[in-house]
Structures are given as C-alpha cells and as structure tokens.
1. Has segment B:173-190 got any residue that is in contact with a Lys or Arg (Cβ under 9 Å, 6 or more places away or on another chain), farther than 30 Å from A:SER226 by Cα and surrounded by 14 or more Cβ atoms within 10 Å (Cβ to Cβ)?
2. Take segment A:129-147 and flag every residue that is in a helix (DSSP H, G or I) and either within 14 Å of chain B (Cβ to nearest Cβ) or within 29 Å of A:PHE251 (Cα to Cα) (or both).
3. Check every one of the helices (runs of 4 or more DSSP H) wholly within segment A:153-246 and list those with 1 or more residues that are away from chain B (no Cβ under 14 Å).
4. Within segment A:138-151, is even one residue over 21 Å from the mean Cα position of the chain (by Cα), surrounded by 15 or more Cβ atoms within 10 Å (Cβ to Cβ), of a type in the set (A, V, I, L, M, F, W, C) and under 18 Å from A:GLU223 (Cβ atoms)?
5. Out of (1) surrounded by fewer than 14 Cβ atoms within 10 Å (Cβ to Cβ); (2) out of contact with any Phe, Trp or Tyr (no Cβ under 9 Å at 6 or more places or on another chain), what's the single condition that is false for B:GLU126?
6. Going residue by residue through segment B:149-163, is there one that turns out to be surrounded by 20 or more Cβ atoms within 10 Å (Cβ to Cβ) and within 14 Å of another protein chain (Cβ to nearest Cβ)?
7. Within segment A:66-86, is even one residue touching a helix residue (DSSP H, G or I) at 6+ places or on another chain (Cβ under 7 Å), without any contact (Cβ under 8 Å) to a residue 60 or more places away in the chain and aliphatic (A, V, I, L, M)?
8. Checking the condition of a type in the set (A, V, I, L, M, F, W, C) and either within 14 Å of another protein chain (Cβ to nearest Cβ) or within 30 Å of A:VAL131 (Cα to Cα) (or both), which residue from B:VAL172, B:VAL166, B:VAL201 passes?
Amino acid sequence: MKKDLFSESERLADITKYLRRTFELWGYREIFLPTIEEFSEQLRKGTKFAYNNGFYVIKPDLTSQILANLKEPRRLKLYYISEVLNGGIKGNWQAGVEFIGGEDVKMQVEVLLTVITSLEALGIEDFYIDVGSLKVWERAIEGIEEFKAEIFRALTRRNFEIIERLPINEEKKEELWQLFNFRGKSCEYEKLNKIIEAVDDERVFIDFGTIRPLPYYSDIIFEVYSPKIGKPLGGGGEYTFKGVSAFGFAFDLNTLSKLFDGRIEKSRKRIGGEPKEAYKLAKELVKLGIPVEVGE
Amino acid sequence: MRFVLPKGRLFKGSLEILRKAGIELKPPENRELIVKNGRYELLLARAFDVPVYVEYGVDVGIAGSDVVEERESDVLVPLELPFGKCRLSLAMPKENAVSVEEMDGFRIATKYPNLAKKFFERRGVEVEVIKLHGSIELAPKIGIADAIVDIVETGNTLRANGLVEVEKIMDVSALLLVNRISQKTKFKEINELVLKIKEVVKDEF
C-alpha cells in the first residue's frame, strides 16, 4: 500500500488549484490527453506494453505526447497536470505549460514569468531560476565538434576532467572552463540578455553550467530550485516543432509539495453568523476571487 | 556543509582524501551515524545509499561508480578519485563456463540488478535476474543461479569459490558526488573543495 493517498491528494489538490488559476490567468488552456498512446518513436518515457498485437505506452512524457498528437504547428498555449511514468509502475506528478508558435524572446519571458507567478501564488518566494543556453555551448565547441558528446557528458555531470583529457588546446579548455562557471546577469549572448532584462527579477540568473540533458531542447534552457530543498522544483526549455519554435516547462509536484506549507489556506476568509447574510457576503467575495469558508 | 560517506571498503580512503584537502571529519566513536565537526557534518550510510542521499539533498558524498550507475542517481560527479579501483564482472562456475551469447534463460544472481539487466539487454540475451544483498558467490555454488554479476578486486574470492570471470562489465572507481542544488547555492565552497581535492589527487597519486 502506498503512503496515505488521501493526505497526499489533499496537498496536490491545494497546489494544483493555485497552479491552474495562474496558468489560466496567463492564457493557457488545459489539455486532456489519453492515458494510453499507440507506441511511436516520438514518445519519451512512459511504460510500454503489448496488447492485441499492438504496442502501446502508458502515461508518456507530456511534451512528447502533445507533439505526437499535433499534426500541424500552430499557435498554442497549453497546460497539463498529469502523472508521468518512466518504464515502471510508479509515476511522478507534473504540472507544466507549453507555448508553441509564439514570438522569440516574448515566449521565453512569458513562460518564465508564469513560473515566477505560479510559485508566488503558492506562497513560495525563496527560489532561483538559472537560465542557460545550448547555442552558446555549440558556438564554443565550433571546430571541435567531434568531442561534442564528451563535452556534453562533462557538462551534465559537471566533470571538467573529461574535458581536460581531450586533445584540444589549452586556450580552448580555458574558454570552456570560464563558460562552465559563468553565472551573472548579462553575457555576450544578446537573446539571453533580453530575456533576463524583460523578466526583471532578482532571482533569475544566467548560468551556463545549467544543462538539462533532454534530446529535444534547441537553445534556452532553465532550472528552478530552492535553497531549502535538494532537488530541482522543475525546469524547461526551448524546442522546435516542424520548424516552429516553442517553449515549455514542468514542475515536479512531489518536490513542490514539500515546499508548500499550505499557509495560503489560512488566508481563506472565514464567515460566520446568520446564513442569509453570511452567504451573501460569501457570494460577493467568491465573485472577486477570494476564498471563503462559511462557518456553522 | 554536509558529507555522506559509505561505511565499508571506501570509508578510510574517503576520510583520508578529504583530510588532505583540508577537511577534517571525525570518524564516529561508537555507533553514531552523524558526527559534527565545526562547520562540517558527517553522515555514515550504506555504500548503496550514498548516491541517493546526495541526490535528495546532502551536499557532498563519495561512492563507487558501480552504485552510482546502479541507482541511476541524478547527481553531479565532478571528480573521479584514485582509490576503490575494481571492476564489475560476470562470473560463473569454471566447469560449465560459456560465452554471454549462450546464456539465454540463465538465472543471474547479483547486488546490481539494474546493471546486470542492462548488460544482457545490450547483448540481446534474455536472462532472469535475482537480487541478493551479499555473498553472491554462494548462489551458483548451491545451484540457485547459473552465473553472477559482482565486484572483482583481485579475483581471489572468485577462485576460492570455483568461479571464473567471463566478461568485464565496467571499471569501477570511487567518485566525488555533489548535489545539483548545493552546486548552485554553495557554488564557491564546493568549487574550492573540488579544486583542492583535484590538487591532492595530482600531487599524491
């Protein structure tokens, strides 16, 4: 038997309520995806099984599932709250958004602001977002492309020894070392600078050591974390779908729920007294978006 | 800063390399599992659990590459350390040794079910893997498994139990592990530690 499903569910219900509200305020629509998809190379994660001579995947990675269902690219702003499986039977709950076909930079800024306002809506203020770029790395390894796989392995493990062992000149190694440790508010890549300036939040940094090893990311990538917890709260990045650029992110709800202390619930307006008066006031407050609890 | 070190064969080497890098961690005196020493805190864990502790929030750890790969932990691995060298190998009783490709339907006993499954999958051989927690060499001896996947240092234990190494699966070494978030929130401290250990490795080994 799992740990108490009902108390866990209560926490997730609290969190997703605020996430849904924030995502919708930014103009995202919820997407309802089937639990089981026919197997295709495009689908990532999920748990595969065979049934009636066919191959299927249960609860694959949401971004890959959305793209597998989208025949032609068009402007879409979607969000989802779903469990994702990864080869086994135990899943991980995620909440995320996908912005497809938006304008470059604006799209990144809007998604980052969605992340920030979502966390704030949950009462979580103590977090950082590190934004990196794959293009910056690709430019840095121009001329030594044959070592790309090893350099990216070094980046994801943060193991500079792998780079030191490569037969490339010292100057290049020094340049890669500098990038490896770069963290700041502005850099030589204009696109990143524009994003950071427009987001304008002291918790957002440029960090080229931030690498998310997902095959579909094309340039800007980011990771959200809190000094209070040892695992990332979530992250996302830029990808291209049939020539159209897109930007998405996902929160890990289990990690997020460890940070969420539920204190927002305490701001729920408690109303007592005569039912007629109490409910009249409650109705007005609900119309304004204020949570209420009418007492006995 | 919090450290987690494995009890067992890597413990002495881990304490020594950290001491040489200027981090004095007191080994526990009795049966305690957490020891504080000034700014540092030392946690003692089972070798297999070290990467998990680091993944979920302990700043720094030392563990063998075998367990890091087996647990598939999402941790940073800034350095390979010059001790705990050995290999993970496939071994079986001398008298009926066959090649990997001939092992279809075999039962494999191991502490490393993940690595064992992946190894046979890569080779397209279907086997049944059973997980044991120790004395793996016993399994083929009493007939509950046909072969084993286990750590080999000198080969003496294998020989003493009438087993031969059929194939090496991977080289194993101690690794320095860093929590992904600590690397960001304690950036300077951790970078300094990594550089210091790197110096020690260069000078001494």
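The values are calculated or read from the model by the stated rules, or taken from the named source; none is laboratory data. None of these values were measured; they are calculated from a predicted model. Backbone-built Cβ (ideal geometry, glycine too); neighbour counts: all protein chains shown.
1. Scanning segment B:173-190, I find at least one residue that is in contact with a Lys or Arg (Cβ under 9 Å, 6 or more places away or on another chain), farther than 30 Å from A:SER226 by Cα and surrounded by 14 or more Cβ atoms within 10 Å (Cβ to Cβ), so the answer is yes.
2. Step one: list which residues in segment A:129-147 are in a helix (DSSP H, G or I), which gives A:134-140, A:145-147.
Answer for segment A:129-147, where residues must be in a helix (DSSP H, G or I) and either within 14 Å of chain B (Cβ to nearest Cβ) or within 29 Å of A:PHE251 (Cα to Cα) (or both): A:LEU134, A:LYS135, A:VAL136, A:TRP137, A:GLU138.
3. Working: elements: A:160-164, A:170-180, A:190-199.
Passing ranges, in order: A:170-180, A:190-199.
4. The answer is no; no qualifying residue exists.
5. For B:GLU126, the exception is condition (2).
6. Step one: filter segment B:149-163 for residues surrounded by 20 or more Cβ atoms within 10 Å (Cβ to Cβ), giving B:149-150, B:158, B:163.
Subset that is within 14 Å of another protein chain (Cβ to nearest Cβ): none.
No: zero hits.
7. Yes, segment A:66-86 has at least one match.
8. Numbers: B:VAL172 fails: either within 14 Å of another protein chain (Cβ to nearest Cβ) or within 30 Å of A:VAL131 (Cα to Cα) (or both); B:VAL166 fails: either within 14 Å of another protein chain (Cβ to nearest Cβ) or within 30 Å of A:VAL131 (Cα to Cα) (or both).
Just one listed residue meets the conditions, B:VAL201.
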